[in-house]
1. Name every residue in the range A:56-72 that is in a loop (DSSP other than H, G, I, E, B) and either closer than 17 Å to A:V227 by Cα or away from ligand 2 (no atom under 12 Å from the Cβ) (or both), in order of residue number.
2. Starting from the range B:225-245, keep only residues that are under 18 Å from B:S94 (Cα atoms), then list their pairs with residues that are part of a helix (DSSP H, G or I) and of a type in the set (F, W, Y) whose Cβ atoms are within a distance under 9 Å, requiring at least 6 positions of separation or different chains.
3. I need the helices (runs of 4 or more DSSP H) fully contained in the range A:91-161, keeping only those with at least 1 residues that are more than 25 Å from B:P328 (Cα to Cα).
4. Scanning the range A:180-207 for residues that are surrounded by 24 or more Cβ atoms within 10 Å (Cβ to Cβ) and within 16 Å of ligand 2 (Cβ to nearest atom), which turns out nearest to the other protein chains (Cβ to nearest Cβ)?
5. Identify all residues within the range A:135-171 that are surrounded by 14 or more Cβ atoms within 10 Å (Cβ to Cβ) and within 11 Å of chain B (Cβ to nearest Cβ); write none if there are none.
6. Which strands (runs of 3 or more DSSP E) does the range B:125-234 wholly contain that include 1 or more residues that are more than 18 Å from B:S111 (Cα to Cα)?
7. Under 6 Å by Cβ, and 6 or more places apart or on different chains, what pairs join a residue from the range A:226-244 that is within 18 Å of A:I52 (Cβ to Cβ) and within 14 Å of chain B (Cβ to nearest Cβ) with one that is within 15 Å of ligand 2 (Cβ to nearest atom) and in a strand (DSSP E or B)?
8. Taking B:P362 and the conditions (1) over 27 Å from A:Q115 (Cα atoms); (2) crowded, with 17+ Cβ neighbours inside 10 Å, which numbered condition does it fall short on, given that it satisfies the others?
Amino acid sequence: MSPGPTVIPAGRSRAGAWGRDAPPVIELDGVTKTYRTGSLEVDALRGISLAIDEGEYVAVMGPSGSGKSTLMHILGCLDVPTGGVYRLAGEDVSTLDETRLAEIRNRRIGFVFQQFNLLPTLSAWRNVELPLVYAGVERHERRERALAALDRVGLTDRVEHRPGELSGGQQQRVAAARALVTDPALILADEPTGNLDSSSAADVMGLFDELHRAGRTIVLITHELEVAEAAERTERIRDGRIVDADGPGAGERR
Amino acid sequence: MNTVETFRTGLEAVRAHRLRSGLTVLGITIGIAAVILTVGLGEGAQQQVASQISSLGANLLIVTPGSTTGAGGIRGGFGSASTLTVADATALASSTVAPDIAAVAPTVSRSETLTAGTANWTTTVVGTDPSWLSVRARTVSEGRFLTQADLDQHAAVCVLAPTTAQELFGGRDPVGQTVNVAGVPLTVVGVLTSVGASGSSNQDDQAVVPLTTAATRIFGGTNRNSVGQILLEATSGQTLSAAYQEADDELLALHGITTPASADFTIQSQQSLLTTATSVDRTLTVLLAGIAGISLLVGGIGVMNIMLVSVTERIREIGLRKALGATPRVIRRQFLVEASVLGLVGGVLGVGLGLVGAVALPHLVHDPIAISGAATAGSIAMAVAIGVVFGVYPASRAARLAPIDALRSE
Ligand SMILES: Nc1ncnc2c1ncn2[C@@H]1O[C@H](COP(=O)(O)OP(=O)(O)OP(=O)(O)O)[C@@H](O)[C@H]1O
Ligand SMILES: [Mg+2]
């Protein structure tokens, strides 16, 4: 099967060239996650060590159930690891209190959920403006920025629609717009093109490219090789472990 | 997130779930209106009884000559002579003999025709002493009441009840005027405050004169020491039965009677006449309060249910809001606003409905309704508390979950 957890030296990434004093944005050290449902235990992550530097563009691939979403939730501070250490910009997140975590989720991270997670009672633009509400942005500025974000994902003509009145792909793009609206330094996307046709997918990937060029750190989960190819680096997960750190196509070589 | 945004978000959630919010408000409204009305009915009835009692003189005992018959009537004493005397009253006034009796007022009364100028009016003339005022729980609206000096000097003075004063003097001020009673000119020194008619006797139509004046100058008669009634005031409602016992013992002793059954006097308590009515009203109040409590409880359980369901099915929303940067505090405040708005709107509507009912209901059932401020405030507080506890508590628990756990909950 796969070799043991691999520590990725920061120096391998482009941003690492900025010097050792800039810590990796993301640093996982032997992170495990065990779900307990009654007497049943599921080891979703079995010791993940991983470092991602500022400005990197990383794709995470792996079969269904391998723990990709679980990893992503931990990276986004939406869930806590069972074991191991997760340092975000050098800070051990287990030492942060709820308020600080909320602030990090709000200002530093843009998360695109696999299941979109839009509020059904709010229109598209009201969904997109939500992070800005918690960031304390003024009302009319919120609307402007939400509309701009929706424009970037090509949904200008759907801003007043509620999620239930949008197609799956459109909902996914609303979710992407919501992740971008705060202009976060770290973008975490769980299969952001999973429900998109090839042309919309290309639009969204173009958006990520643009963000990457602007210096944002991007981690995205995908099943599709061509999506992974857009990234600089691909991490492969199998059974809760990182199996290879090579570029796209590494899986095929085995 | 500032307060305005918190309110906006909270109110939006109320609006987004219109039916549910409406049902919650309805439950609270009906519960509170029911509490206000039922408590009001009970209190109204009690107040009515209380005012009846106090208009007769609080803690009042009446000693009358003669003994009770089995049927509850009063049999007259031997001949026309009264068996009660001023000496009896004096004995009962002693604080060593009867420590639980606060005041004693011996009275004689007779119907007389009073004249003032050309006006004449037939009414009850009561001869008594200064204690009468407090024993009968009356007050003077003009001038003064009788004094001990009036009594000692057999003074030719009188105090008129308001109706009597009106009949004799019209709108004029009666104080200082002269009234003729059985040929005796009396100076009006005061006017009693109106208490309204009560039972068979009109308390607002009488003339009060010093007992001594009545006995020696107006009524005359052979036995100037006999009195018609002795009014006793117990020191409090609690000591009424002790006062009764003391009066009974003392009078039996004074009259040399050994078997209580052959007593030549009867002691009645005004309160005893109303006891049955009071206890019925008290039962009614307890019953009504019980019904009110149950309806508030049922309404409260309904509200709890709706709030719990509402929060539970919104745990995903809470998780999402947290994922987007809401702190637990902000989440708690949002639900606090929602729950208090529902509770307050329901509370205010309930009070409104209760007040409308309180105005409308007496026309239908002819029962007075007293709106109790405490019950009203209490039930609103209760409504808000129910909303807050059952809306905010589960929400704040959900706000403590990791966002992803909340998002995954179904
Ligand atoms: N809340 C949970 N409780 C119990 N087990 C869970 C829970 N969430 C995930 N799992 C299990 O953990 C493992 C990893 O799940 P995860 O969602 O991370 O997979 P994934 O790689 O994202 O899959 P997919 O590509 O299908 O989205 C799975 O076996 C899954 O059944
Ligand atoms: Mg997944």
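The values are calculated or read from the model by the stated rules, or taken from the named source; none is laboratory data. Only a predicted model underlies this, so the values are computations on that prediction, with no experimental measurement involved. Note that we place each Cβ from the backbone using ideal geometry, even for glycine, and neighbour counts take in every protein chain shown.
1. A:E56, A:G62, A:P63, A:S64
2. Once the first residue is under 18 Å from B:S94 (Cα atoms) and sits in the range B:225-245, its partners that are part of a helix (DSSP H, G or I) and of a type in the set (F, W, Y) give B:L231/B:W132; B:L232/B:Y244; B:A234/B:Y244.
3. A:139-152
4. A:L188
5. If the condition is that a residue be surrounded by 14 or more Cβ atoms within 10 Å (Cβ to Cβ) and within 11 Å of chain B (Cβ to nearest Cβ), then A:A135, A:V137, A:R142, A:R162 are the ones that fit.
6. Output list reads B:140-143, B:178-181, B:184-192, B:229-234.
7. No pair meets every condition.
8. The single condition B:P362 does not satisfy is (2).
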